[in-house]
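The values are calculated or read from the model by the stated rules, or taken from the named source; none is laboratory data. Everything numeric in this text was worked out from a predicted model, so none of it was measured. Cβ placement follows ideal geometry from the backbone for every residue including glycine, while neighbour counts extend to all protein chains displayed. Note: areas computed on protein heavy atoms with side chains; ligands, DNA, RNA excluded. Shrake-Rupley method; radii C 1.70, N 1.55, O 1.52, S 1.80 Å.
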Amino acid sequence: MANPVFDPVVLARTLYRPYILHAARRAYDEFSYAETIYQSIEEHLVLLHNDFLSYPKTSSQIHRENLARHKAYWAGIHTNLTCLSCLRRKPEHAMQCRHSNCDTCVRIFGEGMVGFEHQYVMDSCVICQMRSALIVKLLPNTAGIRILSIDGGGSLGIVSLKWLSMLQDLVDPEYAVQDLFDLAIGTSAGGLVALSLFINRQDVEKSAENFKSLTRRVFGQGQKPDQSIADKIRRFLQCWASDGFYDTEAVEDALKEYFGTESRMFGYRPLTSSGSKVAVTATTTDDSSAYIIANYNGEGERKGDCGAECLQFLF
């Protein structure tokens, strides 16, 4: 093979050295130790470069082999803030081992599914090598975003499910209505609908059946007519004490029974594909600050004045 057009040492010192030293100095007080860490990384980069010259491979193959050599160190490190495969982007797709990958790493390390464009199979974790099949659906680069927004309204949330049921009747019955949308976001009862369809992956009819049962327990309590002045006063005191119109304990118990106690917005779900982005809106009880609880990170940085803070709960 012809000589490389760049020197790996010059590349490392030009592109990486300032950032590595900056990060190391933030973690360690000793300046000399930060320099030692950089020298170790530079030497390793040179070894990888020589390996590439001796045995021609793609950069993704070299990177996969490099990660595999250190899988014991990566096995116990988990985060939903950084893709550990590349350390450059935010992760979107969690695997059974609790490691997660960004869209770009899925395209690089995943196997494209025959007959299904922009769908990939991750048959093992790139980071810890644990075998765990995951199907990922990615949005084509030139495609727009199909958004489903579901409003609240208590038990009237069934209207949204009825509309989706009519939409399901217009498409192929074997084609889930959820696959018509790239992002689903809901408020209050609309959030429950979005979670049922896109997180639990229930069909519309099953979601409607469960929603009716859930709303009778959660929202029905606040719709009983007050028979006397004493009932109205008791209802007012309950609302004031719980800072809400509905009994928070009853709501929490019903949601735990419906969604389970181990479910996570951002996490691996067996027998389902990864790709659907879901969010629900919420407010704090102390100052009514707006929050978005989501199963995705998204690309780029959010503006500080966007009106709401996006939450993701750590593993």
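Among the residues making up region 179-214, those that are aliphatic (A, V, I, L, M) and not in a helix (DSSP H, G or I) are L183, A184, I185, I199.
Just a yes or no: is a residue in region 106-115 closer than 24 Å to N295 by Cα, open to solvent by less than 40 Å² (accessible area, probe 1.4 Å), not aliphatic (A, V, I, L, M) and not in a helix (DSSP H, G or I)? Yes, there is a match, as at least one residue in region 106-115 is closer than 24 Å to N295 by Cα, open to solvent by less than 40 Å² (accessible area, probe 1.4 Å), not aliphatic (A, V, I, L, M) and not in a helix (DSSP H, G or I). Has region 40-47 got any residue that is among the acidic types (D, E), without any contact (Cβ under 8 Å) to a residue 60 or more places away in the chain and surrounded by 14 or more Cβ atoms within 10 Å (Cβ to Cβ)? Checked against the condition, which is being among the acidic types (D, E), without any contact (Cβ under 8 Å) to a residue 60 or more places away in the chain and surrounded by 14 or more Cβ atoms within 10 Å (Cβ to Cβ), region 40-47 yields at least one hit. Report yes if some residue within region 163-179 is open to solvent by less than 70 Å² (accessible area, probe 1.4 Å) and within 18 Å of the chain's Cα centre (by Cα); otherwise report no. Within region 163-179 (the criterion being open to solvent by less than 70 Å² (accessible area, probe 1.4 Å) and within 18 Å of the chain's Cα centre (by Cα)), the answer is yes, since at least one residue qualifies. Is it true that some residue in region 14-23 is aromatic (F, W, Y) and open to solvent by 40 Å² or more (accessible area, probe 1.4 Å)? Yes, because at least one residue in region 14-23 is aromatic (F, W, Y) and open to solvent by 40 Å² or more (accessible area, probe 1.4 Å). When V9 is tested against (1) surrounded by 11 or more Cβ atoms within 10 Å (Cβ to Cβ); (2) outside any helix (DSSP H, G or I); (3) more than 35 Å from the chain's Cα centre (by Cα), just one condition goes unmet, and that condition is (2). For region 79-105, the set of residues classified as within 16 Å of L138 (Cβ to Cβ) and either assigned to a loop (DSSP other than H, G, I, E, B) or among the charged types (D, E, K, R) (or both) consists of C83, S85, C86, R89, K90, P91, E92, M95, C102, D103, listed by residue number.
Among the residues of region 70-81, at least one is open to solvent by less than 80 Å² (accessible area, probe 1.4 Å), at pLDDT below 90, of a type outside the set (K, R) and more than 23 Å from the chain's Cα centre (by Cα). Whether a residue is more than 23 Å from G186 (Cβ to Cβ), modelled with pLDDT of 90 or more and among the hydroxyl-bearing types (S, T, Y) was assessed, and T142 does not pass this test.
Taking into account only those residues within region 125-149 that are touching a Ser or Thr at 6+ places or on another chain (Cβ under 7 Å) and crowded, with 19+ Cβ neighbours inside 10 Å, which is nearest to H78 (Cα to Cα)? Taking the candidates together, the pick is I127.
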